[in-house]
Amino acid sequence: MSSVETFRELQAEVTEWRRYLHRHPELGYQLHNTARFVTEKLASFGINHIETGIAETGIVALIQGEGGDGPTIGLRADMDALPILEASNKPWSSTLPGKMHACGHDGHTAMLLGAAKHLASTRNFKGTVALIFQPAEEDGMGGQRMVQEGIMDRFGISQVFGLHCAPDLAVGKFSTRYGPLLAALDEFDVVVKGRGGHPSEPHKCVDPIVIAAQIVLGLQTLVSRSTDALESLVISVTKLNAGTAYNIIPDRVELAGTVRAFAPHLRDFAEQHIRASAKGIARGFGGDIDFKYRRFEPVTINSIDETNLALKAARILVGPEAVDDKLPANMGSEDFSYMLEARPGSYVFLGNGSTATWHHPEFDFNDEAIPYGVGFWVKVVETALAA
Ligand SMILES: [Zn+2]
Ligand SMILES: [Zn+2]
């Protein structure tokens, strides 16, 4: 079993790729140069099954092992940058003002390429590795689109793994947790419909402002009185718009808010109960509502078997003391969660050392983390698909 030293041989080359990507950041789905770079590198490793143009600029490439038949596992890297003016002052700073890799996706892409190069030359596994390079992680739900475009079924992927650099974690360390890791994010809109009129004659109106006020208060009891106190759910009304004048009772009031939850059934609960509560209150006063509920990123949930695999791979690479399996859950969200909704899998953080935090203009991916990230991917494959 090779340790991390094996992967230091690739560090200089992967660093060069990483810095090229850093100098040429692209946003959202508009990753044409990045996708071209990735595709050319994959082809140069002798990988001949490369599918491009998935979710516009996403790529899936397959590497067959030499250990015989077996399942297909997906390894995912995100490729998109952020609309931030870089202030890192590094020699490889962004050449495109207002765009920068401030979340380390340049490093994620380069490390998965490094793993692809290693795996394509060793092929010491059974079954198949699907390398998933996705667009629009930051804003645009590219992960969801790749799933909607059928990558899991089309390539027969049975498990998925994701890796993200973590600024508050030492280089060479890994951390994750079993079960819910990152929160889900939903939004809702309620239009309260009453009957407007003159405020001197409220008995001839159905006052939507009074109804909306009752709805805002009613929603406060959904969490406190109707959910298990040991489960996390936040329902916040964040917009409330009504009225135009001192002497008019309006016809309608618009209110909106956000829901954060760590369990899928609580999103169903929130959708059903916000609707029912608002509708019941409005109808009780003679009014009605229109209701919209939109789900964005689901909860990022690490399944047990795949997290065991990921932890085992990390421990083989760096030893058990450098791997933390009890990272506290946090309220961030990640669109790899769409892939985890489609297939069991695990999302793991990789130490980036003491750098600026994510999405900060001084953030930079730490190239010292490269052998660990490349090694992690190779060990995940050789563990999950042990020949
Ligand atoms: Zn980010
Ligand atoms: Zn990110």
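Pull out the extension gain between residue 95 and residue 324, defined as 0.36 nm times the separation in residues minus the alpha carbon to alpha carbon distance; nm, one decimal.
Result for the pair: 78.8 nm of gain on full extension.
If I take every Cα pair under 8 Å that is 6 or more residues apart in the range 152-267, average their sequence separation and divide by the length, what percent do I get for the relative contact order?
34
Report the local net charge at residue 292: Lys and Arg +1, Asp and Glu -1, summed over other residues whose C-beta lies under 12 Å from its C-beta.
Net charge in that neighbourhood comes out at -3.
Under the rule a/c < 1.5 gives rounded, and otherwise a/b versus b/c splits prolate from oblate, where does the range 330-385 land using the Cα gyration tensor?
Oblate shape, in that a/c is at least 1.5 and b/c is the bigger or equal ratio.
Could you sort 372, 347 by accessible area so the largest value comes first, with the probe set to 1.4 Å?
Result of the area sort, largest leading: 372, 347.
Given the whole protein assembly as supplied and a 1.4 Å probe, what does the accessible area of residue 381 come to in Å², nearest 10?
For residue 381, the solvent-accessible surface is approximately 0 Å².
Sequence-distant or interchain residues sharing an amide H contact under 5 Å with residue 289, placed H: which?
Hits under the 5 Å cutoff: 193.
Can you say what percent of the DSSP beta bridges in the chain, counting only those with both residues inside, are antiparallel? Round to 5.
65
Where does the charge balance sit around residue 338 when Lys and Arg score +1, Asp and Glu -1, over other residues with C-beta under 13 Å from its C-beta? Could you put the intermediate results ahead of the total?
On the way: positive: 76, 145, 295, 343; negative: 78, 137, 149, 297, 334, 335, 341.
Residues close to residue 338 contribute a combined charge of -3.
Could you check the spin-label model distance between residue 87 and residue 200? Points 7 Å from the Cα along Cα→Cβ, value in nm.
Going by the 7 Å Cα→Cβ label model, 5.8 nm.
Based on the Cβ-Cβ distance from residue 3 to residue 168, what FRET efficiency comes out when R0 is 22 Å, to the nearest 0.05? Each step should come with its number before you reach the end.
Values: r = 25 Å, r/R0 = 1.13.
Efficiency at R0 = 22 Å is approximately 0.35.
Residue separation times 0.36 nm, minus the C-alpha to C-alpha distance between residue 312 and residue 221: what's the value?
Gain on stretching residue 312 to residue 221: 28.4 nm.
Residues with beta-carbon under 11 Å from that of residue 205, excluding residue 205: net charge, scoring Lys, Arg +1 and Asp, Glu -1?
Neighbour charge sum, excluding residue 205 itself: -1.
Can you list the lysines whose alpha carbon is less than 28 Å from that of residue 279, not counting same-chain residues fewer than 8 positions off?
Those lysines meeting the cut-off are 193, 204, 239, 292.
Could you give the length gained on full extension between residue 272 and residue 236, defined as 0.36 nm per residue of separation minus the Cα-Cα distance, in nm?
The span from residue 272 to residue 236 would gain 11.4 nm if fully extended.
Would you work out if the range 1-98 is rounded, prolate or oblate? Take a ≥ b ≥ c from the square roots of the eigenvalues of the alpha-carbon gyration tensor; rounded if a/c is under 1.5, else prolate when a/b is larger than b/c, oblate otherwise. Walk me through the intermediate numbers first.
On the way: a/c = 2.51, a/b = 1.43, b/c = 1.76.
Verdict is oblate for the range 1-98.
With each pseudo-label sitting 7 Å past Cα toward Cβ, what's the residue 16-residue 44 distance in nm, one decimal?
Between residue 16 and residue 44, the simple spin-label model gives 0.7 nm.
At 7 Å along the Cα-to-beta-carbon direction for both residue 304 and residue 357, put a label point, then send me their distance in nm to one decimal.
About 3.4 nm, to one decimal.
Quick check: with the 1.4 Å probe, what order do 92, 358 take by accessible area, largest first?
358, 92
How much of the accessible area of the chain, in percent, comes from carbon and sulfur atoms when a 1.4 Å probe is used?
The nonpolar share, carbon plus sulfur, comes to 51 percent.
Name the most mobile residue of 230, 131, 113, meaning the one with the largest mean-square fluctuation, in a Gaussian network model of the chain with Cα contacts below 10 Å.
Fluctuation is largest for 230.
The values are calculated or read from the model by the stated rules, or taken from the named source; none is laboratory data. This structure is a prediction, so every number in the text was calculated from the model and none was measured. All Cβ positions, glycine included, derive from the backbone under ideal geometry; neighbour counts span all protein chains shown. Heavy atoms of the whole protein, side chains included, go into the accessibility calculation; ligands, DNA and RNA do not. Shrake-Rupley method; radii C 1.70, N 1.55, O 1.52, S 1.80 Å.
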